[in-house]
1. So which of 83, 18 ends up being under 15 Å from residue 117 (Cβ atoms), of a type outside the set (A, V, I, L, M) and touching a Ser or Thr at 6+ places or on another chain (Cβ under 7 Å)?
2. Mind listing whichever residues of the stretch 98-121 are under 17 Å from the mean Cα position of the chain (by Cα) and not β-branched (Val, Ile, Thr)?
3. Looking only at the stretch 122-142, filter to residues that are over 18 Å from residue 75 (Cβ atoms) and at pLDDT 90 or above; which one of those is surrounded by the most Cβ atoms within 10 Å (Cβ to Cβ)?
4. Could you check residue 93 against (1) of a type outside the set (Phe, Trp, Tyr); (2) surrounded by fewer than 14 Cβ atoms within 10 Å (Cβ to Cβ); (3) in a strand (DSSP E or B) and say which number it fails?
5. Of everything in the stretch 17-49, what is part of a helix (DSSP H, G or I) and either under 23 Å from residue 120 (Cβ atoms) or touching a helix residue (DSSP H, G or I) at 6+ places or on another chain (Cβ under 7 Å) (or both)? Give them in sequence order.
6. Before we move on, is residue 115 of a type in the set (Val, Ile, Thr) and without any contact (Cβ under 8 Å) to a residue 12 or more places away in the chain?
7. Could you list all residues from the stretch 96-117 that are among the hydrophobic types (A, V, I, L, M, F, W, C), closer than 13 Å to residue 133 by Cα and surrounded by 15 or more Cβ atoms within 10 Å (Cβ to Cβ)?
Amino acid sequence: MAKHKQVQDTAQHLIELERKFWQSLVREDTDAALSLLDQQALMVSSHGSMKFDHAQYRHMAQQGPMVLKDFKLGDIDVLQPTEDMAVLTYRVKQSVAPRGSDGMGKMQEMVDSSTWVRKEDQWQCVAHTETPLEQPAQQRHH
């Protein structure tokens with residue numbers, strides 16, 4: 001039973017780290033985000049796939065045309081195939097807006113995954129994917 005509790009505690013810790021990363025995006029706190037990213041990381045989104053290091057992430061976070069205004073994570077699952085690796089999957093409702101705008105921006109619903117590895121007792125995200133969910137037919141614009 002002790003091992004099961006340890007796995008549950010690790011899962012909760014990783015969910016908290018994932019939320020902390022998202023909160024760093026809303027606050028535009030690049031240093032907090034970088035503390036959770038491995039030196040080399042991958043991302044797959046509707047813009048394609050990319051590999052980036054900390055300097056490249058800093059540039060994207062501080063110069064990118066869109067900013068995250070709000071988010072809500074749900075349906076979170078954690079799979080930990082090894083002691084030092086875990087994958088989180090979840091749904092996210094996010095509001096993004098052009099950098100410098102005051103409004104809440106456009107709501108999007110996505111399905112995301114993040115892969116975390118433990119290095120020297122610290123968990124770091126090494127890969128993140130996001131896939132837009134299909135909008136129900138009544139919400140689509142023709």
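1. 18
2. Selection gives 107, 108, 109, 110, 112, 113, 114, 116, 118.
3. By that ranking, first place goes to 125.
4. (2)
5. Matches in the stretch 17-49: 17, 18, 19, 20, 21, 24, 25, 30, 31, 32, 33, 34.
6. no
7. 110
Residues checked against (1) modelled with pLDDT of 95 or more; (2) under 15 Å from the mean Cα position of the chain (by Cα):
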residue	(1), (2)
32	yes, yes
38	yes, yes
46	no, yes
62	no, no
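The values are calculated or read from the model by the stated rules, or taken from the named source; none is laboratory data. Just so it is clear, the model here is predicted, and its values are computed rather than measured. FYI the Cβ positions are ideal-geometry reconstructions off the backbone, even for glycines, and counts take in every protein chain you see.
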